1. Calculate, for residue 85 and residue 65, the FRET efficiency according to 1/(1 + (r/R0)^6) with r their C-beta to C-beta distance and R0 22 Å; round to the nearest 0.05.
2. Beyond 22 Å, how much of the Cα-Cα pair distribution for segment 24-124 remains, as a whole percent?
3. At what distance in nm do the modelled label points of residue 93 and residue 55 sit from each other, each positioned 7 Å from its Cα along Cα→Cβ?
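Every number here is computed from the coordinates shown, using simple stated rules; none is lab data. Predicted model, so just to flag it, every value in this text is computed and none were measured. Here the Cβ is made from the backbone with ideal geometry for all residues, glycine too, and neighbour counts use every protein chain on show.
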Ligand code: HEC
C-alpha cells in the first residue's frame, strides 16, 4: 500500500505539466493576448494594424481579404502555409524567421507555455 501511494503521487506530479503543455489555459492565454491586442482583434472580425484572428486555426496565411498583407505573408499562404498549432507556435516564437519579410513588428514569445495558453485562448474565440 505504501508503494502504491508513492506511485500515485508520482503520477499526479508527472502528468500535470504534460497536460498543461498539451492543452493550454485559455484564461492565462487571455492575459498573454494583451501583447497582441494593440494590433489584433480576436473577438470580432475587424482588422487593426494586423488582420483579425477570429477562426485563425485552419486559416490560410494572408487570406483576410479586407487586410493589406505584405507580399511575404501572401506568398506564404499561396505556398501552402496554413495556421495550425505548430505553424502558429513557430511563427509566434520567431515571426521574422518563420515568415521572412513579413510586416508584423513583434519580437516573439519566448515561453512555450505562453504560446500554448495563447493558442487555447484563440481557439476559445473561434467558432
Ligand atoms: C505591432 C503590431 C503587432 C503585434 C504586437 C502583433 N502582431 Fe500579429 N500581425 C501584425 C501585422 C501587421 C501582421 C500582417 C503581417 C504581414 O502582412 O506581413 C500580423 C500577422 C499575424 C498573423 C498572420 C495572420 C494571417 O491572416 O495570416 C498572426 C497569426 C498573428 N499576426 C498573430 C499575432 C499574435 C498571436 C500576436 C501576439 C503574441 C501578434 N500577432 C502580435 C501586427 C502585429
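1. Details: r = 24 Å, r/R0 = 1.11.
My answer for the efficiency is 0.35.
2. Details: 1003 of 5050 pairs.
Summing the P(r) of segment 24-124 above 22 Å gives 20 percent of all pairs.
3. Calculated label separation equals 2.9 nm.
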